[in-house]
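Colleague: Okay, handing you the structure first.
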Amino acid sequence: MRPTPILISEFSQNRYLTYPHANGFADQGNSLVLGELWEDTVNLWKIDIATRAETLICSFPREPEPEKLLWFDISLESNRLVTIAQNTVWLFDLSDIERGGVELFHASPNHIIHPLPSLSNDGRRIVIGHYTEGRHSALLISIDDPNVKKLFEHEWWANHFHFCPHDESWIGYSHEGDPDVIRDRIWAWHADLASSGKPLFDQTASGSAIGHERWCFHATSALGIAYGVSSTVPGGLFEFFPDGRPPRLVSAGDRDWHVGVSRDGRWAVVDTTGPYDVPGYRWTDAADISDVLLVDMQTGDRTFLARSHQYMRHPRHPHPTFNLDGSAIYYNESSPDASRNRVWMIPNPAWTESDQVRK
């Protein structure tokens, strides 16, 4: 029997999960942080999963750009949270929220910080994207060193910089743009092994369109979605490797859109561009539907979990993500008029108590 989704927030609260490659859990997994979007402000709330008690972390004036939200990342080891607001990097201690945020770095005029920060496992280093004068850079910020270090840069649009949680000497990022045109979307950087960055997959031969890449937790590998537009490579979930191994098709699915992965690497979860059981790809006959599917990372088998709804503008994408032990999946849902967002949780039907013991 398919489990029943549980509502975590209401449309009236207009809340959303953080970006898929970031961590939104705090207090050793006992709390969940959600963003909240209003006409004039953007807020972050910490919610105790068991009691539903809520604590306001921060509130900032909403900026004019349509998708300028508070994205954030949390270090489980330190219980610190990093976010970007007003072209500034802010750090919060979620164990002492009353202290307020610490301003770590403010960009000078004509310099733009990308809104997706990434925090190291120990909460002491942050990697951000930075843009100025046609150059897209990855900057490293240390809370122990006032000097900001430029790691690398490109003349093309690079973004989505984030640490590999399994091996933080690797930083993943994307060559942003139309996936039908950009043939080297998935990149990784390493100080010694790829000091200028390197693409993990050249899509030219296959003609595939790939996006929404993110690192795994259990291994130094990345997952990404091949959208169902290629006649030579199936659409679906692929695993990519920085050591030169060829990509591995994990599970075929022409409507796959975003991907989350459990921390032990046993399962992935994808959302879709339209009903999973209706033929087609991308937005053909999508009807604003986005389904949430559990994927076995070894066999590729899929299990339908829930039907959600999407709108093209962030944060109204499902962006499914696992909790820490993999026993539950959280996802967003857009309201029918695309004006509000809410968050659901659904138990992982493949998870058992023995998974917790092994973990």
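Colleague: Evaluate the following for D27: is it under 20 Å from the mean Cα position of the chain (by Cα), crowded, with 23+ Cβ neighbours inside 10 Å and not aromatic (F, W, Y)?
Modeller: So D27 does not fit the description; no.
Colleague: Still on this structure: Checking the structure you have, find out if any residue of segment 56-74 is at pLDDT 95 or above, more than 15 Å from L116 (Cα to Cα) and not in a strand (DSSP E or B).
Modeller: no
Colleague: Name the single residue that is nearest to the chain's Cα centre (by Cα) among those in segment 79-102 being farther than 12 Å from D27 by Cβ and of a type in the set (S, T, Y).
Modeller: That would be T83.
Colleague: Further, regarding this structure: Name the one entry in S206, S196 that is in contact (Cβ under 8 Å) with a residue 40 or more places away in the chain and hydroxyl-bearing (S, T, Y).
Modeller: After ruling out the rest, the residue left standing is S196.
Colleague: Can you tell me how many residues within segment 218-271 are closer than 21 Å to H166 by Cα, assigned to a loop (DSSP other than H, G, I, E, B) and either open to solvent by 50 Å² or more (accessible area, probe 1.4 Å) or in contact (Cβ under 8 Å) with a residue 60 or more places away in the chain (or both)?
Modeller: Selection size over segment 218-271: 10.
Colleague: Here's a check for you: in segment 94-103, which residue that is open to solvent by 50 Å² or more (accessible area, probe 1.4 Å) and not in a loop (DSSP other than H, G, I, E, B) is nearest to G129 (Cα to Cα)?
Modeller: Restricting to residues being open to solvent by 50 Å² or more (accessible area, probe 1.4 Å) and not in a loop (DSSP other than H, G, I, E, B), the top hit is E103.
Colleague: Would you mind telling me which numbered condition in (1) out of contact with any Leu (no Cβ under 9 Å at 6 or more places or on another chain); (2) open to solvent by 60 Å² or more (accessible area, probe 1.4 Å) L56 fails?
Modeller: Here L56 meets the rest and fails (1).
Colleague: With the requirement that a residue be at pLDDT 95 or above and not small (G, A, S), what does segment 136-147 give you?
Modeller: If the condition is that a residue be at pLDDT 95 or above and not small (G, A, S), then H136, L139, L140, I141 are the ones that fit.
Colleague: Further question: Given the conditions (1) of a type outside the set (K, R); (2) in contact with a Gly (Cβ under 7 Å, 6 or more places away or on another chain); (3) more than 23 Å from A226 (Cβ to Cβ), and given that A350 satisfies all but one, which numbered condition is not satisfied?
Modeller: In the conditions (1) of a type outside the set (K, R); (2) in contact with a Gly (Cβ under 7 Å, 6 or more places away or on another chain); (3) more than 23 Å from A226 (Cβ to Cβ), A350 misses (2) alone.
Colleague: Next question. Of the conditions (1) under 24 Å from W187 (Cβ atoms); (2) outside any loop (DSSP other than H, G, I, E, B), N121 clears all except one; give me its number.
Modeller: Only one criterion in (1) under 24 Å from W187 (Cβ atoms); (2) outside any loop (DSSP other than H, G, I, E, B) is unmet by N121, namely (2).
Colleague: May I pose another question? Can you find, within segment 204-217, the residue that is modelled with the lowest pLDDT among those that are under 15 Å from the mean Cα position of the chain (by Cα) and in a strand (DSSP E or B)?
Modeller: Checking each candidate, the answer is G211.
The values are calculated or read from the model by the stated rules, or taken from the named source; none is laboratory data. Being a predicted model, the structure only gives us computed values, none of them experimental. Neighbour counts are summed over all protein chains in view; Cβ atoms, including those assigned to glycine, are modelled from backbone coordinates with ideal geometry. We work out accessible area using only protein heavy atoms, side chains counted, and drop any ligands, DNA or RNA first. Shrake-Rupley method; radii C 1.70, N 1.55, O 1.52, S 1.80 Å.
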